[in-house]
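**Student:** My questions all concern the structure below.
The values are calculated or read from the model by the stated rules, or taken from the named source; none is laboratory data. Bear in mind the structure is a predicted one, so any value in this text is a computation, not a measurement. Backbone-built Cβ (ideal geometry, glycine too); neighbour counts: all protein chains shown.
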Amino acid sequence: MTGTAGAGPDAAIPGAAFDTVILAGGSAARMGGADKPGIAVGRTAMLVLVAQAAAAAGTTRLIVVGPPRAGAVGDALAELGAVVVREEPPGGGPVPALRRGLAETTAAWSLVLAADLPFLRGALLADLLARGRAAAAAGAVLTDDDGRPQWLAGGWQTGALRVALAAYPGNSLRGLLGPLAPVLVRAAAAGSGPPQWLDCDSPADVAAARRLVGPAE
């Protein structure tokens, strides 16, 4: 099932409570070992932008899985009330990180997000959750413009994730989440704004995202 998510202003949208798990660890090999989530697009670190989008959507709890971060990033996460935890082993990959993050959740639904999605907005995240609930599905996942699922941009029934994790021996998010058959949601075009599914896996991606934003003031 595929739908198109509307693109409205950031605002908490009423509905059932949900938590948010942001995966912000990993080795960032393609970034030369740099702290990828801490890289700024515009004037703000990507991790903080993702956390702000979850807060705008109305998250109850905000869980960041990754190393503690000092300075402006750590201060911004603290202001948002984020709980920061580490996966075991540290840098073990997205599936252990998701398992660790879910251990901190209490709501029936959870957003699962990458920390390198600088253009996510709260209205889209709330819409993903609403579509998953309306379809009585295990979850709903954002797609890119070609319809490919973005597994780290989705809203899920927390219980369904826990059951899947308990039975899954691998470390592939697609292998874990694909069998849950989520609703696939393509973000509606937001004027001339950047695509909300755009992630930054390499220095070239970061440079492209910065060009879309324009020079930082």
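**Student:** Looking for something assigned to a strand (DSSP E or B), within 16 Å of ARG99 (Cα to Cα) and of a type in the set (Phe, Trp, Tyr) - is there at least one such residue anywhere in the range 134-151?
**Tutor:** yes
**Student:** For residues that are under 24 Å from ALA138 (Cβ atoms) and at pLDDT below 90, tally how many sit in the range 1-46.
**Tutor:** 11
**Student:** If GLY178 meets every condition in (1) in a helix (DSSP H, G or I); (2) without any contact (Cβ under 8 Å) to a residue 40 or more places away in the chain; (3) in contact with a strand residue (DSSP E or B) (Cβ under 7 Å, 6 or more places away or on another chain) apart from one, which number is that one?
**Tutor:** The failed condition is (3).
**Student:** Can you pull out the residues in the range 46-62 that are buried (at least 24 other Cβ atoms within 10 Å of the Cβ) and in contact (Cβ under 8 Å) with a residue 40 or more places away in the chain?
**Tutor:** MET46, LEU47, VAL50, ALA53, ALA54, ALA57, THR59
**Student:** Might you check whether a residue that is crowded, with 20+ Cβ neighbours inside 10 Å, touching an Asp or Glu at 6+ places or on another chain (Cβ under 8 Å) and at pLDDT 95 or above occurs anywhere in the range 141-150?
**Tutor:** Yes, that holds for at least one residue.
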